[in-house]
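The values are calculated or read from the model by the stated rules, or taken from the named source; none is laboratory data. Small disclaimer: the values here were computed from a predicted structure and weren't measured. Cβ atoms come from the backbone with ideal geometry, glycine included; neighbour counts cover every protein chain shown.
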Amino acid sequence: MLLLLQTDISTRAELEARMVALTESQLAMLEQMFPRHVLEFMVNPPSGPGNPAAGDMTSLASSHENVTILFTDIIGFTTMSRQVAPAQVMQYLNELFTRFDELVDLYQIHKVETAGDCFVAAGGLMTLDEDGFTVLGSTKQVLAFAKAVLRCAATVPMPHNGLPTQVRVGMHTGPVVTGLIGTKLPKFR
């Protein structure tokens with residue numbers, strides 16, 4: 001007796017194609033969140049004597065001598081956020097900070113985070129080039145970025161009155177320590 005069974009694998013093939021696309025998009029998202037050396041550690045953690053156990057991110061801590069940190073603050077943000085719907089506030093922040101993100105790429109600095117109406121970025125951290133990790137010329141790059149942020153912000157109208165956005169920008173240069181913080185929504189700082 002011979003039993004033949006035919007199965008349609010097109011559904012399975014579609015699922016696998018979606019999984020590959022999802023994996024690629026997840027990797028792209030992770031590349032936006034973490035520097036390359038952190039991703040490499042996550043994929044291939046060191047093991048053995050003298051090396052941290054898999055998942056121990058403390059070995060990723062690094063000192064950097066001359067990092068320039070930039071902070072922005074939107075003038076009138078608190079007043080504006082009381083006068084418009086929360087969805088408008090989010091739309092406004094998304095538009096403004098998306099433009100700042102584009103400038104981060106243009107000036108080759110590192111976005112640290114956003115918190116409310118504060119945008120934090122840094123220059124002088126490691127960036128991957130053809131030869132590996134190198135230090136960027138931080139202060140000039142961050143200063144040029146700051147000037148671009150001021151110009152860029154003025155092109156985005158405040159939602160409550162239509163006036164150009166004004167931001168305060170502060171900078172500081174000095175030593176910092178970076179590393180991966182936390183296990184729930186970890187952040188590289």
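Of the conditions (1) in contact with a His (Cβ under 9 Å, 6 or more places away or on another chain); (2) buried (at least 19 other Cβ atoms within 10 Å of the Cβ); (3) modelled with pLDDT of 95 or more, Val149 fails just one. Which one is it?
In the conditions (1) in contact with a His (Cβ under 9 Å, 6 or more places away or on another chain); (2) buried (at least 19 other Cβ atoms within 10 Å of the Cβ); (3) modelled with pLDDT of 95 or more, Val149 misses (1) alone.
Restricting to segment 164-189, name every residue that is exposed (fewer than 11 other Cβ atoms within 10 Å of the Cβ) and assigned to a loop (DSSP other than H, G, I, E, B).
Residues satisfying the conditions are Gly182, Thr183, Lys184, Leu185.
Quick one: count up the residues across segment 79-115 that are assigned to a loop (DSSP other than H, G, I, E, B) and modelled with pLDDT under 95. Spell out the reasoning first.
Taking segment 79-115 and keeping what is assigned to a loop (DSSP other than H, G, I, E, B), we get 84-85, 108-109.
Among the residues that remain, those that are also modelled with pLDDT under 95 are: 108-109.
So the answer is 2.
Can you tell me which condition Phe133 does not meet? The list is (1) at pLDDT 85 or above; (2) in a strand (DSSP E or B), and all the others hold.
(1)
Within segment 1-23, how many residues turn out to be under 30 Å from Met57 (Cα atoms) and either surrounded by 11 or more Cβ atoms within 10 Å (Cβ to Cβ) or modelled with pLDDT of 75 or more (or both)? Spell out how you get there, then give the answer.
So in segment 1-23, the residues under 30 Å from Met57 (Cα atoms) come out as 19-23.
Narrowing further to those that are either surrounded by 11 or more Cβ atoms within 10 Å (Cβ to Cβ) or modelled with pLDDT of 75 or more (or both): 23.
Number satisfying all stated conditions: 1.
Exactly one of these conditions fails for Thr165: (1) of a type in the set (S, T, N, Q); (2) modelled with pLDDT of 90 or more; (3) closer than 25 Å to Val38 by Cα. Give me its number.
Tallying (1) of a type in the set (S, T, N, Q); (2) modelled with pLDDT of 90 or more; (3) closer than 25 Å to Val38 by Cα, Thr165 fails exactly one: (3).
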